[in-house]
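The values are calculated or read from the model by the stated rules, or taken from the named source; none is laboratory data. Everything quoted here is computed from the prediction, not taken from an experiment. As a convention, Cβ positions derive from the backbone with ideal geometry for all residues, glycine included, and neighbour counts pool all protein chains shown.
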Amino acid sequence: MTMKLPLAVLKHAMLIALSLCMIYPILWLFLGSFKANNEIFAVSSVWPTEFIWSNYAKGWSAVPGFTFADFFLNSITISTLVVVGSIISCCFVAFPFARMVFPLKGFCLSCCQIASPSSIR
């Protein structure tokens, strides 16, 4: 019982330290969006000296002729097409493995699993 408490405290301290290491870049990115361009890398503080809310208005129309909504719609369209295409192709590949008997079926299935992205596995 006496050894479990220090190990638990050490484990929680390590988890808290690792979570802070993972949250820091996101916090730096978010708070950096409110800084001036010359302040982002010049000042070592994460917290901006002055919150510049107009950065979001500038970012919305930074590319002439396009808005952020155009790029966002493009991302949604591409993502949707990739997901639908992956589902359709996976169905065409999965049917023979599930219903057909052929030589080297296990080897071919292993090759397909190795070649697929880790998000599909």
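Please go through segment 90-104 and pick out each residue that is aliphatic (A, V, I, L, M) and over 31 Å from the mean Cα position of the chain (by Cα).
Restricting attention to segment 90-104, the residues satisfying the condition of being aliphatic (A, V, I, L, M) are 93-94, 98, 100-101, 104.
Answer for segment 90-104, where residues must be aliphatic (A, V, I, L, M) and over 31 Å from the mean Cα position of the chain (by Cα): ALA98, MET100, VAL101, LEU104.
Has segment 28-37 got any residue that is touching a residue at least 12 places away in the same chain (Cβ under 8 Å) and of a type in the set (D, E, K, R)? Explain how you work it out, then say what you get.
Taking segment 28-37 and keeping what is touching a residue at least 12 places away in the same chain (Cβ under 8 Å), we get 28, 31-36.
Filter once more, keeping what is of a type in the set (D, E, K, R): 35.
Yes, the conditions are met somewhere in segment 28-37.
Out of all the residues in segment 1-37, which are part of a helix (DSSP H, G or I) and closer than 27 Å to ALA69 by Cα? So that I can check it myself, show each step before the final result.
Here is the first cut: in segment 1-37, the residues part of a helix (DSSP H, G or I) are 4-32, 37.
Selection gives PRO25, ILE26, LEU27, TRP28, LEU29, PHE30, LEU31, GLY32, ASN37.
Of the numbered conditions (1) over 30 Å from CYS112 (Cβ atoms); (2) in the same structural domain as CYS112 (by TED's automatic domain parsing); (3) of a type in the set (A, V, I, L, M, F, W, C), ILE88 satisfies every one except a single condition; which is it?
For ILE88, the failing item is (1).
For segment 38-53, name all the residues that are surrounded by 10 or more Cβ atoms within 10 Å (Cβ to Cβ) and outside any loop (DSSP other than H, G, I, E, B).
Selection gives GLU39, ILE40.
Can you list residue pairs whose Cβ atoms sit under 7 Å apart, with the first residue in segment 93-121 being outside the structural domain of VAL83 (by TED's automatic domain parsing) and of a type in the set (Ser, Thr, Tyr) and the second being at pLDDT below 85 and assigned to a helix (DSSP H, G or I)? Count only pairs 6 or more apart in sequence or on different chains.
Nothing qualifies.
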